[in-house]
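The values are calculated or read from the model by the stated rules, or taken from the named source; none is laboratory data. Being a predicted model, the structure only gives us computed values, none of them experimental. Neighbour counts run over all protein chains shown; Cβ positions are idealised from the backbone, glycine included. Areas reflect the complete protein model, heavy atoms only, side chains present, ligands, DNA and RNA absent. Shrake-Rupley method; radii C 1.70, N 1.55, O 1.52, S 1.80 Å.
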Amino acid sequence: MFRRIAWIGLIMAVLLACASAAAAESFYEGKTVKIVSVHAPGGGYDTYSRLFARHLGNHIPGKPKVIVINIPGGSGLIGTNYVYNVTKPDGLTVVQPSWNLAQAQFLNFPGIKYDVNKFIWLGLANAGPVTAVVRKGSPIQSMDDWLNPDTKTLIFGCTSRNSPTCSIPLAMNDIFGPKTSKIVSGYRGTAPIRAALLQKEVDAVTGWSWDSVKSTGMSMIDEGEAKIIAYIGEERHPELEERKVPYLNPRVTKAADIAFMKVLMLPAAMLRPWAVPPGTPKDKVQILQSAFDNTLKDPAFLADAKRARLDINPKSGEYLVNLMNDMKKRMTPEIISRARKIIGLDK
C-alpha cells in the first residue's frame, strides 16, 4: 500500500514537472527577453550584456529572442530606476545594473527610486580590481608620482561624482594630498573617456575595471598609447601582477582610510551584478535563474567570453545579498559623512 502511494506521488511529481516545463516553453516561445544595460554602448557593461544576449536564450525554454536595450545616464541611475519602477515584472526583463547601485543607496545619493533589497538577484558574473590608466605623454607615468602631492596634478576624465571613475581620484586627494588628482566629469561612459585620452583632453582614467580594460582597451595598452600605472581591489590579481602593475592597496595604511576605501570600492566587489525586477513571478524567476546559471557554465559562452577577453568569476545571488548586508553594517556615520563629501553630496 505504502509502495503504491509512493509510486503515485512520484508519477504525479513527474507529471507536474513536465507540465511546468511545457508551460514555461509555451510562455517564452516566440517572445523577446530584454537585457537592460544601464550604461552606454561600447563600454564594459554593454560588452557583457551583448555576450549574455548571444547565449542566454539557449537556456530558456522556448528559446526566446534576447536583445540588449541601453538606458544610460546618471552612472546607471536612470536605467536602474526605470527597470525598478516602469518595467513590467513579467519575466521578460533582465537587468545588469550599475556596480555602484548598493553603494549609492547606502550613501543616500539623490534621485534613487529603487531598493536593492527588493531586486531579485540572479547573481554576479564577475568581480575584480579597477585600474588607473594614463595616456602616452601624460606628465605622470607612475603610481608613486600620482600619489605624491608635490608632483603635477593628474587630470582624470570621469562620468559623474557618484561613479568610481570620479570618486576614486578624489579619494586619493583625501588620503594622500589635495593636489593628487583633478577630475573632468560629464563623460557618458568609459568609451568617451578613452577617446578623450587619445585626444589628450584628459591625462588618465581610473575606476576602469580590469575586465573592461581587457575587452575594450587592450589595444591602447598594447600599442603604447596608454599605460596602467596602478590597480585597486580586494586582493592581488595574478594577471596584473604578471604585468608588474603596482598594487595600490598597501599604500593605504591607516585603519580609517582602509575602511573608507572599502566603502568606495564596494562597486568593484559586485562588478557585474544581474537581477530581475521586483514582483517577477516565482516560476519565471526560477526559469531565468536556471538560465543564468547554465549560461555561466556553457562551454560556448565561456569560449565567447575568452575571445572577448571578458573575465567570468560567478557568484550567487545569495552571495550578493550577504555582501550588501555586510557592507551596510560597516557604514558608520563617520565613513558615510566622509564618502558623501567625496561624491559631492555634502560640503
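The table for this structure:
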{"item": "Largest-first ellipsoid semi-axes for the chain, taking √(5λ) over the Cα gyration tensor eigenvalues, angstrom", "result": "40, 21, 18"}
{"item": "Neighbour cut-off at most 14 other Cβ (10 Å), DSSP loop, trypsin sites (Lys or Arg not before Pro), the range 128-232", "result": "K136, K152, K179, K200"}
{"item": "Rounded to 10°, Cα long-axis angle of helix 44-55 versus longest principal axis of the chain", "result": "20 degrees"}
{"item": "On Cα atoms only, tilt of 282-297 relative to the major axis of the chain in degrees", "result": "60 degrees"}
{"item": "Expected-Rg normalisation [2.2 N^0.38 Å, Cα atoms] applied to the range 101-244", "result": "1.08"}
{"item": "Shape of the range 219-329, Cα gyration tensor, a/c cut at 1.5", "result": "oblate"}
{"item": "From phi via Karplus (6.51, -1.76, 1.60), per-residue ³J(HN,Hα) for the range 230-246 in Hz, x at Gly/Pro", "result": "6, 9, 9, x, 5, 8, 5, 10, x, 5, 6, 5, 4, 7, 6, 7, x"}
{"item": "Partners for K65 among lysines (Cα-Cα distance below 30 Å; same-chain residues under 8 apart left out)", "result": "K31, K34, K88, K113, K118, K214, K282, K284, K297, K306, K315"}
{"item": "Candidate residues K88, K262: accessible-area rank, largest first, probe 1.4 Å", "result": "K88, K262"}
{"item": "Whole-Hz couplings from phi, Karplus 6.51/-1.76/1.60, listed for the range 140-153; x for Gly and Pro", "result": "10, 10, 8, 4, 4, 5, 4, 7, 9, x, 8, 8, 5, 6"}
{"item": "The range 297-345 pair-distance distribution - Cα-Cα, 10 Å bins, rounded %", "result": "20, 25, 24, 22, 9"}
{"item": "Surface accessible to a 1.4 Å probe, per residue, for the residues of the chain, Å²", "result": "46 Å²"}
{"item": "Per-residue SASA entry for I336, accessible area with 1.4 Å probe, Å² rounded to 10", "result": "40 Å²"}
{"item": "Theoretical FRET efficiency, 1/(1+(r/R0)^6), r = Cβ-Cβ of N325 and A195, R0 45 Å, to 0.05", "result": "0.70"}
{"item": "In order through the range 84-91: 3J(HN,Hα) via Karplus (6.51 cos²θ - 1.76 cosθ + 1.60), integer Hz, x for Gly, Pro", "result": "5, 9, 10, 4, 6, x, 10, x"}
{"item": "Exposure ranking of W274, W121 by accessible area [1.4 Å probe, largest first]", "result": "W121, W274"}
{"item": "Heavy-atom accessible surface of the range 195-347: percent carbon and sulfur, 1.4 Å", "result": "51 percent"}
{"item": "Positive minus negative residues near T151 (Lys, Arg vs Asp, Glu; Cβ under 14 Å)", "result": "-1"}
{"item": "Cβ-defined net charge surrounding L266, 11 Å radius [Lys, Arg +1; Asp, Glu -1]", "result": "+1"}
{"item": "Stretchable slack from A300 to N148, in nm (0.36 nm times residue separation minus alpha-carbon distance)", "result": "50.1 nm"}
{"item": "Candidate aspartates and glutamates - alpha carbon under 20 Å from K328, same-chain residues fewer than 8 apart omitted", "result": "D115, E234, D257, E318, D346"}
{"item": "As computed over the range 265-322, the Cα convex hull volume per residue (Å³)", "result": "98 Å³"}
{"item": "Total charge dipole magnitude, the chain, about the Cα centre, Cβ charges on Lys, Arg, Asp, Glu only, Debye to nearest 20", "result": "520 debye"}
{"item": "At 1.306 mPa s and 10 °C, Stokes D of the range 167-241 from Kirkwood alpha-carbon radius, µm² per second", "result": "117 µm²/s"}
{"item": "Accessible carbon and sulfur surface of the range 81-123 relative to its total accessible area, %, 1.4 Å", "result": "50 percent"}
{"item": "Crossing angle, helix 333-342 versus the chain [Cα axis fit, 0-90 degrees, rounded to tens]", "result": "70 degrees"}
